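The values are calculated or read from the model by the stated rules, or taken from the named source; none is laboratory data. Everything numeric in this text was worked out from a predicted model, so none of it was measured. Reconstructed Cβ throughout: ideal geometry from the backbone, glycine too, with neighbour counts over all protein chains shown. Ligands, DNA and RNA are excluded from the accessible area calculation, which covers all protein heavy atoms including side chains. Shrake-Rupley method; radii C 1.70, N 1.55, O 1.52, S 1.80 Å.
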Amino acid sequence: MIRLLRFVSLPIVLLATLPLVLSPDARAQAQTGVVAGTVVDADGTPIPGANVIVVGTERGSSTDVRGAYAIALAPGTYTVRASFVGFTTDERGGVEVAAGDTTEVDFTLRPDEVALEEVVVVGYGQQERRDLTGSVSSVDVAEIGKVATSSVEQALQGQVAGLEVTPTSGEPGAGAEIRIRGIGTLNDASPLYVVDGMLTDDISFLNPQDIQSIDVLKDAAATAIYGSRGANGVVIITTQQGERGQETVFNLNVYRGWQEVMNPIELTNAREYATLANELLISEGQEPAFENPDALGEGTDWQDVVYRTAPVQNVQLSARGGADRIAYNFSGNLTREEGTIRKTDFLRASFRANNTYDLTDAVELGHNLAFTYRTGTATPGGIVGAAYRADPTVSPRNEDGEFSDASARASAGNPEASIFYHNNEYRGRRFVGNLYAEASFLDHFSFKSSFGLDLDARKERNFNPEYFVSSTQQNERSQLTVESVEQSSWLWENTLSYKRAFGSHAIDAVAGVTAQEYTEEVLGGRRVNLVGESRSLWYLDAGASDGQTNFNSASDWSMLSGLMRVNYAYLDRYLVTASFRADGSSRFGTENRFGYFPSFALGWRLSDEAFLHEVDLITNLKLRASWGQIGNDKIGPYPSVATVTSNMNAVFGSPEDLRFGATLADLANPQVRWEETTQTNIGLDVGILDDRLAASIDWYRRVTDGIL
């Protein structure tokens, strides 16, 4: 197995811009007075990182961890303004500054409900929507809550432009295949999911009612910060969090309903089927099979046999609140869904704990932990297709109660018999969570370290008894297959952030290093001729040792990455974003292990220009343009090394005996290299009548080179 533990260096280019980001203000002019104070929220809690500017000048500052600021000014009368993301702006006019004196001006900012809705979660941070330079869409979580589904993927259907949702199957609890801006590769084109900072390719564990926000990153400028993981787009999901100083609020949500197939396929009934069958036989010069088709009537509608009206139910209980230094959110959910196909069902029980703890004014600890247990049953594949093709002149069972042969004149057997004799059940446990610590220092810096785990263990049993319905629908020996899959992934991320506003300038930068490793092991076996059919005997020991089959396999991959991004704003309307990421993947040989993925974006908020101030109709008008490259490494874990396959057995010796053998399955290809996607995007954001009517229009061109 290949590890990345020996990687010891990262491209120096990641650190090249840090001196620019960390540089202090330019040499200050001669100053003879100071305006100083604090910025706090409605509860008196300091707000670090708030912007305080002197209107009409280029003087400004950001508050430190205590919410304090100080700005040196020449003597005079000024207007001072304080602002922070998610809060209303506070402005004080007529502030007198005298030489050698300090004038105190304190601000209290209150939550802005409208502004809070406009904060967008992006890679390794947050931005106000008005400052975005990439193509990012947010999902109305309230609309998702109205959809009675256990799958977050299916709840996203129709919510985001450019996002296609295709259900993977009709089984209860099944997810969906998501494609963002189409298919850009011949391999896995699924997006990356980021749940509370944890990177994953599967969100089946997630309860839709736990979600607080969903943001979809589409273009390279938005996704390049995730490098190869964001090659097919990124879906960032934030679950419900508690609030400091809020009394505990309990919420109970219960619903029960029924689901059924709304538009079954119109098929021929028995009379129509017999008429068509006779016409076919006569045209071939044969005798008709049915003497009087009209006497057969409607016959059997196999869709009615296979389908049913199935109940669904959901119970969600949560507790959310906080104290002065603690915020918490606990939730438990139970979802039960029976399938519209008989003998299918799904049950999921989940528990979540999202807590934050303020150790000091500058240090915060937190965790987002989710545990899920799921179980269910499934039918064999092809049941619906068999219902379409089965003979409608045949009843599901004969007069003696045995299953009838429905395949004599059709290309399918008896669907009811297939459901009855096939037993497929599964169960699994999954834990997804992370622990993090974040510290603020030197007024404008913060460092965050997060360690996450994704542990998934599931088991499946498939039992088919001995039975005979017809020569084409039978099982001569009972058979049991048991398979266990264990998957684990750990993710360690360390990021340093810098945020500062001074005068007409604002900088928001982040740089970091991340490492991730994934392992999977599959273990299973098959046995035939079990001693009985009882559920208590569905174990491998109950089968015959002759003809037994065992299998066991494993794989792993790992990745080491460096990242950086800088957001710069001038006069709060000219926007620049640059990002860079270097990914090292164990899937590639040493010569091609690292891939480098840059992006660059510009934004111009025209609605803040003087020539549009008098146009009351337009609330927001912003022009965006971006370019970026993203890599993709979604291929098998070992293309750069030779792999061996076993069970290549042969008979040797005297006396002859079956000997175990193995051979090379694939030769090593050390030249395999990263797949690269280059994307250009031009967009326009428009808001009219106080954003009652809003639209985002994007033109993009995506080209994928070196497809793996």
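Worth a mention:
- Placing R0 at 22 angstrom, the Cβ-Cβ distance between residue 89 and residue 574 gives a FRET efficiency of 0.65 after rounding to 0.05.
- Label point distance in nm, residue 455-residue 537, each placed 7 Å from Cα along Cα→Cβ: 3.6 nm
- Restricting attention to the chain, lysine pairs at least eight places apart or on different chains and with alpha-carbon atoms under 24 angstrom apart total 5.
- Fraction of accessible area attributable to carbon and sulfur, segment 401-490 (%, probe 1.4 Å): 48 percent
- Loop chymotrypsin sites (Phe, Trp or Tyr not before Pro), segment 644-689 (other Cβ atoms within 10 Å of the site Cβ: 14 or fewer; DSSP): 660
- Average Cα contact separation per residue, the chain, under 8 Å, 6 or more apart, as relative contact order %: 11 percent
- Of the GluC sites (Glu not before Pro) found in segment 206-306, the ones in coil according to DSSP and having at most 11 other Cβ atoms within 10 Å of their Cβ are 247, 260, 266, 284, 291, 298.
- Bins of 20 Å from zero: percent of alpha-carbon pairs in the chain: 14, 40, 30, 13, 3, 0
- Bridge type composition, the chain - antiparallel percent by DSSP, nearest 5: 95 percent
- Where chymotrypsin sites (Phe, Trp or Tyr not before Pro) fall in DSSP loop in segment 448-547, at most 15 other Cβ within 10 Å: 539
- 25 °C / 0.890 mPa s Stokes-Einstein diffusion coefficient of segment 525-653, Kirkwood radius on C-alpha pairs, µm²/s: 113 µm²/s
- Unit Cα scatterers, Debye sum, segment 26-104: log10 I(q)/I(0) for q = 0.11 Å⁻¹: -0.27
- On full extension, the segment bounded by residue 96 and residue 168 gains 19.2 nm, given 0.36 nm per residue less the C-alpha separation.
- For segment 326-470, convex hull volume per residue from C-alpha positions, Å³: 142 Å³
- With each label modelled as a point 7 angstrom along the Cα→C-beta vector, the residue 707-residue 283 pair spans 4.0 nm.
- Comparing Cα centroids, segment 428-443 and segment 628-681 end up 36 angstrom apart.
- Ratio of Rg to Rh over segment 177-316 (Cα coordinates, Kirkwood Rh, two decimals): 1.27
- On the beta carbon distance between residue 315 and residue 247, with R0 = 22 Å, the FRET formula returns roughly 0.40.
- By the Stokes-Einstein formula, at 1.567 mPa s and 4 °C, segment 316-367 with its Kirkwood radius over alpha-carbon pairs has D equal to 96 µm²/s.
- Annotation: per residue accessible area for the chain equals 50 Å², rounded to a whole number [probe 1.4 Å, protein chains only].
- Stretching the chain fully between residue 665 and residue 644 yields a gain of 7.0 nm (0.36 nm per residue, less the alpha carbon separation).
- Residue 307 contributes about 50 Å² of solvent-accessible surface, heavy atoms of the protein only, 1.4 Å probe.
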